[in-house]
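The values are calculated or read from the model by the stated rules, or taken from the named source; none is laboratory data. It should be emphasised that the depicted structure is a prediction, and the values quoted were computed from it without experimental measurement. In this analysis, Cβ positions are derived from the backbone assuming ideal geometry, glycine residues included, and neighbour counts consider all displayed protein chains.
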Amino acid sequence: MILNTIHHSPKEYLELCFFIQEIEVDYVIAELHEFGFTGFDETSTELRAYIEAENFHENVQIELDHFLATRNDIALVQTNTLVEKNWNEEWEKGIKPQRIGSFYVYPSWNREDLPHDLIPLHIDPKMAFGTGTHETTRLLLEWLPEVVNRGDLILDAGTGTGILAIASSKLGAREVFGFDIDPWSYENATENIEKNNITNVQVVEGSLDHPDISQTYDVIIANINTIALTEMAPKFLNYLNSKGTLLLSGLLSIDIDNFKEKVLAGKYQIIQERTMGEWAALWLQPIVS
C-alpha cells in the first residue's frame, strides 16, 4: 500500500545548545516547552532544544534571557540554524523501539521483530511532541488499558504525534477525535494514523472550540503543559460524560498541589495520581452535584 504523504516546504529551526550541571533536565525542558520549544535531545551535560525559527520572536528571547539570568547551573553555549530535513535526521538517531506498558512503540526504521504479546504502535515522531520517550507520554500510555473500554468515545487534546489517539483506537475505542493547534503536529498525526491502518481516528488543526467537537466523550486525554491544562481543565467538563474519565499529563510535580487547589477543587475528584521523574499525571472524574 502506498501512503499519501503530506508535502510542505522545508522549514528552518533553531537548535540551542545548553551546558547543564546539577539541575533536573526535566525542569529545564518544561520551562523551554512553555517558551515554544518542541524538541529536545539530552546527554549528562548537554541539552539541545529546538524551535521553529519563525516562532523565536523577541518575547521568547526576553523570556529565555530572564530564565537563564536566574540560574547559575545552565548556560547557553551555541545556537545553530537547521533545515527541517537535517533536524529530522538528527531526531531519528535517538528514537528506538521501546516497550511501554501494554504497548510496543516503534519507528519506521525499526529492524526488530514485533513482539506478539504487546500492542504495536507505529510512530514516526518528526517534530511533534509525544513519542513515548518522555515521561508525560509514558504515564498516560501505561494508564490507557485501565481506562479505555471497548466502544468508548475519546477526545485527545493536543494530540501531537497521535500516539495516545492511536493507542486508544487499538484498545477498542469506537471513535477518537484529536486536535492540536500546531500544524506540524496535525500533519504528523495524520501520517501516523495512516501507518497504523486506523480508520476511526480523526485529527484536526485547531483548539477545543473546533466546530467538530460538539458531543460528550467517555474519556478525554490531555498531555499538554501546566498553562494550557489550567485553562482547559474546567472547560473539559462541558465535553465529558458525567461518569467519564479525564487523564491529564504534562504537569510538573512541583506545581501539582497548586493545580489541585486552584483548578480541580470542587470540579473533579482524583482517582489516581502518578509521578515519573519530575512529572505528574492525574486520573480524574467529574464531581456530580
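Annotations
Listed here are the residues, each with its yes/no results for (1) assigned by TED's automatic domain parsing to the domain that holds ILE224; (2) more than 20 Å from GLU135 (Cα to Cα); (3) loosely packed, with under 14 Cβ neighbours inside 10 Å; (4) modelled with pLDDT of 80 or more.
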residue: ILE6; (1), (2), (3), (4): no, yes, yes, no
residue: GLU24; (1), (2), (3), (4): no, no, no, no
residue: PHE37; (1), (2), (3), (4): no, no, no, yes
residue: PHE40; (1), (2), (3), (4): no, no, no, no
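- Close pairs from the stretch 145-169: first under 18 Å from ALA233 (Cα atoms) and in the same structural domain as GLY39 (by TED's automatic domain parsing), partner surrounded by fewer than 24 Cβ atoms within 10 Å (Cβ to Cβ) and aromatic (Phe, Trp, Tyr), Cβ under 9 Å, at least 6 apart: none
- For the stretch 238-289, a residue qualifies if it is crowded, with 16+ Cβ neighbours inside 10 Å, assigned to a loop (DSSP other than H, G, I, E, B) and modelled with pLDDT of 90 or more, and exactly one does: TYR239.
- When ARG71, ARG48 are checked against the criterion of being part of a strand (DSSP E or B), out of contact with any Phe, Trp or Tyr (no Cβ under 6 Å at 6 or more places or on another chain) and at pLDDT 85 or above, a single residue qualifies: ARG48.
- Residue ID - surrounded by the most Cβ atoms within 10 Å (Cβ to Cβ), chosen from residues in the stretch 156-179 that are touching a helix residue (DSSP H, G or I) at 6+ places or on another chain (Cβ under 6 Å) and assigned to a strand (DSSP E or B): ASP156
- Taken across the stretch 199-219, residues that are β-branched (Val, Ile, Thr), over 26 Å from TYR106 (Cβ atoms), in a loop (DSSP other than H, G, I, E, B) and modelled with pLDDT under 95 do occur, with at least one present.
- Annotation note: Cβ proximity below 7 Å between a residue of the stretch 190-209 that is surrounded by 19 or more Cβ atoms within 10 Å (Cβ to Cβ) and a residue that is aromatic (Phe, Trp, Tyr) (sequence gap 6+ or interchain) occurs for VAL203/PHE179; VAL203/TYR186.
- Check on LEU153, crowded, with 24+ Cβ neighbours inside 10 Å and either at pLDDT 95 or above or out of contact with any His (no Cβ under 9 Å at 6 or more places or on another chain) (or both): no
- Any chance VAL219 is without any contact (Cβ under 8 Å) to a residue 40 or more places away in the chain, of a type outside the set (Gly, Ala, Ser) and assigned by TED's automatic domain parsing to the domain that holds TYR106: no
- If you check LEU208, LEU171, LEU118 for being farther than 23 Å from GLY101 by Cα and among the hydrophobic types (A, V, I, L, M, F, W, C), only one passes: LEU208.
- The stretch 210-237 - residue that is farther than 16 Å from PHE177 by Cβ and over 19 Å from the mean Cα position of the chain (by Cα) and, of those, surrounded by the fewest Cβ atoms within 10 Å (Cβ to Cβ): PRO234
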